[in-house]
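Let me begin by presenting the structure, written as structure tokens, before commenting on it.
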Amino acid sequence: MEKLIITAAICGAEVTKEHNPAIPYTVQEIGDEAEKAYKAGASIIHLHVREDDGTPTQSKERFKACIDEIKKRCPDVIVQPSTGGAVGMTNAERLQPTELKPEMATLDCGTCNFGGDEIFVNTENTIKEFGEKMIALGIKPEVEVFDKGMIDMAKRLCKKGYIKTPMHFNFVMGVNGGISAEPRDLVFMAGSIPEGSTFTVSGIGRNQFPMAAMAILMGGHVRVGFEDNVYLSKGVLAKSNAELVEKAVRLAKEFGREIATPDEAREILGLKK
């Protein structure tokens, strides 16, 4: 079985210091959390950025400042900016970090009800626009899917030339409005992607480590971090993203999976450094 790629989603766009005081907002805090997660075993830093007061932003300048800070500390880590941004942002806002030409960026392949009146909108034309932009800039998309139909959308648009093969998927499981995080669901999702594709699993909240364990056993990859879950165990807040990465590393060792370095992750994902 190939080595395990661990992605650390260090801050997200929705969680706040009220949820966990260790959530990073500032450039310094984001650099600190990224460095600790990297040293713990993460080869990819999935990156949202915030203003110093915690307000989510897709500002190209803010992304550049944070990426520069991360790369200063961890020169070989893969930084994967989010183009999801936050609910209500325009396509132009969301696409700003792609102008920095990162190795990877996220590509959401469907619309999802996030609860109440919050709808995370990704029309077919939005997906096409984002896909074309990433191809033009040489960016490898991580295809974000919240349900099986989004896999089908990605496969259809791949055939039309909007997403290149081999595709790399991130199954976001247990989020409100998306597929639940049951073992049968992960088996279903993993069995629905094209041959030659790779996948990462992001379990939300209490689902983070049960889904991580299954992904490790199935030969997939794992995302952990404050964006998806702020607890190390029931009722125990994680002190850092590194604690969550370390827990994933312990699981991997129990199941006999070695941890991929950033360069090994590049080889698995077909990235060029």
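The values are calculated or read from the model by the stated rules, or taken from the named source; none is laboratory data. As the structure is a prediction and not an experimental result, all values here were calculated from the model. So basically every Cβ, Gly included, is an ideal-geometry build from the backbone, and we count neighbours across all protein chains shown. Heavy atoms of the whole protein, side chains included, go into the accessibility calculation; ligands, DNA and RNA do not. Shrake-Rupley method; radii C 1.70, N 1.55, O 1.52, S 1.80 Å.
Given their separation in residues at 0.36 nm each and the Cα-Cα distance between them, Lys164 and Lys39 gain 41.9 nm when the chain is fully extended. Placing +1 on the Cβ of every Lys and Arg and -1 on the Cβ of every Asp and Glu, with no other charges, gives the range 48-109 a dipole of roughly 140 debye about its Cα centre. Let's see if you can work this out: charge +1 on each Lys and Arg Cβ, -1 on each Asp and Glu Cβ, no other charges. What is the dipole magnitude of the range 141-273 about its Cα centre, in debye to the nearest 20? Around 200 debye, computed over the range 141-273. Element breakdown for the range 55-155 at a 1.4 angstrom probe: carbon and sulfur atoms account for 50% of the accessible area.
Let me know the shape class of the chain, please: from the alpha-carbon gyration tensor, a ≥ b ≥ c as square roots of the eigenvalues, rounded when a/c is under 1.5, otherwise prolate if a/b is greater than b/c, or oblate.
Rounded shape, in that the Cα axes give a/c under 1.5.
Can you grab the distance from the C-alpha centre of the range 212-232 to the C-alpha centre of the range 20-84, Å, no decimals? With the range 212-232 and the range 20-84 each reduced to a Cα centre, they are spaced 19 Å. Stretched out straight at 0.36 nm per residue, the stretch from Glu264 to Thr90 would grow longer than its current Cα-Cα span by 59.1 nm. For Leu47, the residues 5 or more places off, or on other chains, whose built amide H falls under 5 Å of its own are Gln80, Ser82. If R0 is 25 Å, the Cβ-Cβ spacing of Asn125 and Asp152 corresponds to a FRET efficiency of close to 0.90.
Every pair of different Cα atoms in the range 141-257 enters the Kirkwood calculation, which places the hydrodynamic radius at 14.6 Å. FRET efficiency for the Leu217 to Gln28 pair, using the beta carbon distance and R₀ = 30 Å, is estimated at 0.20.
Note that the range 20-86 presents 33 Å² accessible area per residue, ligands and nucleic acids not counted, probe 1.4 Å.
In the full protein context, the range 104-249 carries 41 Å² of accessible surface per residue, based on a 1.4 Å probe and ignoring ligands, DNA and RNA. The calculated FRET efficiency for Asp68 paired with Lys253, based on their beta-carbon distance and R0 = 30 Å, is about 0.35.
With +1 assigned to the C-beta of every Lys and Arg and -1 to the C-beta of every Asp and Glu, and no other charges, what is the dipole magnitude of the chain about the Cα centre in debye, to the nearest 20? The partial results should precede the final answer.
Details: 34 positive and 39 negative charges, 141 e Å.
Dipole about the Cα centre, nearest 20: 680 debye.
The number of Lys pairs in the range 122-273 with C-alpha atoms less than 16 Å apart, excluding pairs fewer than 8 positions apart on the same chain, is 15. Here the range 162-244 has 55 percent of its accessible surface on carbon and sulfur atoms, given a 1.4 Å probe and all protein chains in place. Multiplying the residue separation of Ala136 and His19 by 0.36 nm and removing their Cα-Cα distance gives an extension gain of 38.3 nm. Using a simple spin-label model with pseudo-atoms 7 Å out from Cα toward Cβ, Val236 and Ser180 lie 2.8 nm apart.
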